[in-house]
1. Pairs Lys82/Lys103; Lys29/Lys110; Lys82/Lys110: which are spaced more than 23 Å apart, C-alpha to C-alpha?
2. Over the chain, what is the mean sequence separation of C-alpha contacts under 8 Å (at least six apart), divided by residue count, expressed as relative contact order in percent?
3. Considering only the chain, what is the antiparallel percent among its DSSP beta bridges, to the nearest 5?
4. What is the order of Ile59, Ile45, Ile9, fewest Cβ neighbours within 10 Å to most?
5. Please state the charge dipole magnitude for the stretch 6-104, taken about the Cα centre, from unit charges on C-beta atoms (+1 on K and R, -1 on D and E), reported in debye and rounded to the nearest 20.
6. If packing is taken as the average number of other Cβ atoms within 10 Å across a peptide's residues, how do 79-89, 94-104 rank, most packed first?
7. Show me, bin by bin at 5 Å from 0, the whole-percent P(r) of the stretch 67-121 based on Cα pairs.
8. Would you mind estimating how fast the chain diffuses translationally, via Stokes-Einstein at 25 °C and 0.890 mPa s with the Kirkwood radius over Cα pairs, in µm²/s?
Amino acid sequence: MANIDLAAIGNNTLKSETGETVELKSLWKDQPVVLFFLRRFGCQICRWMASESANAAGIQGNFSGDLLQSGGMLIVDKGGEKVLLHFVQDSPGDLVPLEDISKAVGVSAKVQAGQRPVCNDDVCTR
């Protein structure tokens, strides 16, 4: 696992859903936190809508993106003492198995396929 400087990362700020500016480290102060970074490629309509929303909110940028950037995940333990999981995508299709995420946050989960839905006259119409 790469050496992650949580102190430096934790000093970054973000806006909460209430609009309040908070430091990232406040998220893991009292509980473990999963930070999921998603690279949104976006279709032309999605890009246009994102640009319109950004302009309305006064956010500036070129929205061209960096084609070499992908997403990733960082799971930080309560108090920020330890990185429980660090994952960086090498390509857009890379992912962290759900079992690895569950294990990192201490949740035991047995994942299995459920019964497939059956389409018949009672539940489906054509």
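Quick note: the coordinates plus some simple rules give every number you see, no bench work behind them. A quick note: this is a predicted structure, and the numbers were derived from the prediction, not measured. Cβ coordinates were reconstructed from backbone atoms using ideal geometry, including for glycine residues, and neighbour counts include every protein chain displayed.
1. Exceeds cut-off: Lys29/Lys110; Lys82/Lys110.
2. 21
3. Working: 13 of 13 bridges.
In the chain, DSSP labels about 100 percent of beta bridges as antiparallel.
4. Working: Ile59 11, Ile45 8, Ile9 17.
With the fewest neighbours first, Ile59, Ile45, Ile9 line up as Ile45, Ile59, Ile9.
5. On the way: 9 positive and 12 negative charges, 21 e Å.
So the magnitude is around 100 debye.
6. Values: 79-89: 15.5, 94-104: 13.8.
Peptide ranking by packing, descending: 79-89, 94-104.
7. Result returned by the calculation: 4, 15, 18, 15, 15, 12, 8, 6, 4, 2, 1, 0.
8. Values: Rh = 18.2 Å.
Once the numbers are plugged in, D ends up at 135 µm²/s.
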